[in-house]
1. Please work out if GLY387 is touching a helix residue (DSSP H, G or I) at 6+ places or on another chain (Cβ under 9 Å), within 16 Å of ligand 3 (Cβ to nearest atom), modelled with pLDDT of 95 or more and not aliphatic (A, V, I, L, M).
2. What is the residue count in the range 70-98 for residues that are crowded, with 22+ Cβ neighbours inside 10 Å and within 16 Å of ligand 3 (Cβ to nearest atom)?
3. Could you please find all residues in the range 147-165 being outside any helix (DSSP H, G or I) and either charged (D, E, K, R) or on the phi > 0 side of the Ramachandran plot (or both)?
4. I'd like the full set of residues that are assigned to a helix (DSSP H, G or I) and on the phi > 0 side of the Ramachandran plot, limited to the range 96-123.
5. Where in the range 28-95 are the strands (runs of 3 or more DSSP E), entirely inside, with at least 3 residues that are touching a residue at least 60 places away in the same chain (Cβ under 8 Å)?
6. Residues that are at pLDDT below 95, surrounded by fewer than 24 Cβ atoms within 10 Å (Cβ to Cβ) and more than 16 Å from ligand 1 (Cβ to nearest atom): does the range 111-124 have at least one?
7. Would you confirm whether any residue within the range 186-202 is within 16 Å of ligand 3 (Cβ to nearest atom) and either small (Gly, Ala, Ser) or within 18 Å of the chain's Cα centre (by Cα) (or both)?
8. Which condition number in (1) surrounded by 18 or more Cβ atoms within 10 Å (Cβ to Cβ); (2) part of a loop (DSSP other than H, G, I, E, B); (3) not hydroxyl-bearing (Ser, Thr, Tyr) is the one that ASP168 fails?
Amino acid sequence: MSTTTTATTANAAHPSSVSALMREIEHLGRDRTRGGYSRPVYSHPELELREWFLAAAAARGLDVEIDANGIIWAWWDRPDGNRSGALITGSHLDSVPGGGAFDGPLGVTAALAAVDLLRSEGRQPSVAIAIAVFPEEEGSRFGVACLGSRLLTGAIDPDRARSLRDADGTTFAEASAAAGFDPRHLGPDPSRVAQFSAFIELHVEQGRGLVDLAGPVAIGSSILGHGRWRVSFTGQGNHAGTTLMADRRDPMVAAARLIVGIEEIARTVPGARATVGRLEPVPGGTNVIASRVDAWLDVRHPDDDVTAALVERIRTRASEVAAQQGCEAVLVEESLSPTVSFDANLRDTLQHALPEAPVLDTGAGHDAGVLAAHLPTAMLFIRNPSGISHSPEEYVEDADADHGARALATAIMAVEAAPH
Ligand code: GLV
Ligand code: MN
Ligand code: MN
């Protein structure tokens with residue numbers, strides 16, 4: 001596909017700054033209606049971002065491959081071409097609707113900048129380095145977060161992935177085919193995963209931890225367990241003017257009561273977060289009583305048993321509020337990710353290499369959380385002065401971004417030198 005975006009030519013004498021790389025993509029996927037960026041996987045802007053990355057990798061002489069799951073791998077190979085024990089970094093380029101500029105792209109641009117930095121210093125790691133770009137990390141188009149890394153590691157059945165549908169009814173199989181991948185080949189790739197010795201994902205911090213600690217970079221300790229559920233309320237579609245209040249079976253009212261109930265229930269559980277951020281009435285007309293309303297629920301808690309119990313309370317409440325309106329409710333799990341603690345040895349290596357960096361946990365999900373079940377993984381978080389994410393207000397100072405690339409380069413050299 002053609003692209004209007006130019007990737008700068010990097011050379012060993014002129015490493016790219018992260019901010020220069022971020023500027024190359026700042027026009028892609030801007031959302032004039034919501035603000036911020038909307039870059040759903042395999043949409044035009046996300047495909048342009050992928051093209052930009054391929055060009056940026058090629059400009060650096062990295063060997064690029066795109067695997068059967070649509071994951072891009074840009075290899076900085078050893079002179080002998082041996083990729084066993086490879087160290088992986090990178091992140092994602094897709095976004096939530098109306099998201100910030102940094103969630104995902106910061107980890108990709110910082111990885112390119114870290115490679116530039118190491119090369120400008122004449123340093124070559126003893127293992128191959130690959131920069132990965134994972135598709136559908138946010139799950140904002142097909143509903144399941146970290147779909148690329150789940151497919152790679154076998155954490156989702158490829159048949160289920162193929163049949164996931166976006167809001168327009170397009171399946172993931174169809175979207176993959178349109179993006180140039182044969183959907184029959186989606187699925188686990190254990191021999192590829194077995195090549196990797198570690199994954200380090202750099203990411204914008206999505207809360208205020210580093211603002212309060214007044215530092216630019218933190219090392220990740222854990223990811224809060226989280227999941228997504230769809231609650232469908234079914235009632236009777238009808239006319240807004242002719243249907244008396246007493247005669248209605250309005251699923252929108254049931255959904256509204258559940259949303260208020262979820263807030264009440266979650267507030268009684270310390271550490272819990274529960275959100276309904278998406279609601280779809282069918283058919284969705286101002287003068288139409290909906291026949292069905294789908295609400296998507298996101299629940300997170302450090303203790304996976306507590307999450308499960310919380311969801312059961314919400315399921316019960318959904319049935320109760322549905323019955324009050326003469327409706328029915330069905331709650332279905334769409335994805336579930338247990339709480340993940342990152343590899344302790346890898347974290348120790350990073351702490352030794354970056355002694356100033358505090359250790360922070362996160363409530364946000366990442367591909368690093370999926371890969372953690374298969375290889376040592378670690379994360380670096382970069383200060384976000386707004387403390388806000390999944391919103392246009394997400395922000396990173398240029399100097400902090402470059403500090404992050406330097407920290408990633410330091411981490412790469414420390415990890416490749418550490419005994420495995
Ligand atoms: C992704 O950023 C998530 O935490 O849902
Ligand atoms: Mn992210
Ligand atoms: Mn995100």
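1. Against the criterion (touching a helix residue (DSSP H, G or I) at 6+ places or on another chain (Cβ under 9 Å), within 16 Å of ligand 3 (Cβ to nearest atom), modelled with pLDDT of 95 or more and not aliphatic (A, V, I, L, M)), GLY387 qualifies.
2. 7
3. GLY154, ASP157, ARG165
4. Listed by number, the list is empty, since nothing qualifies.
5. In the range 28-95, the matching strands (runs of 3 or more DSSP E) lie at 86-92.
6. Yes, because at least one residue in the range 111-124 is at pLDDT below 95, surrounded by fewer than 24 Cβ atoms within 10 Å (Cβ to Cβ) and more than 16 Å from ligand 1 (Cβ to nearest atom).
7. Yes - at least one qualifying residue is present in the range 186-202.
8. Here ASP168 meets the rest and fails (1).
The values are calculated or read from the model by the stated rules, or taken from the named source; none is laboratory data. Just so it is clear, the structure is predicted and the values come from calculations on it, not from any experiment. With ideal geometry, Cβ positions are generated from the backbone for all residues, glycine too; neighbour counts draw on all protein chains shown.
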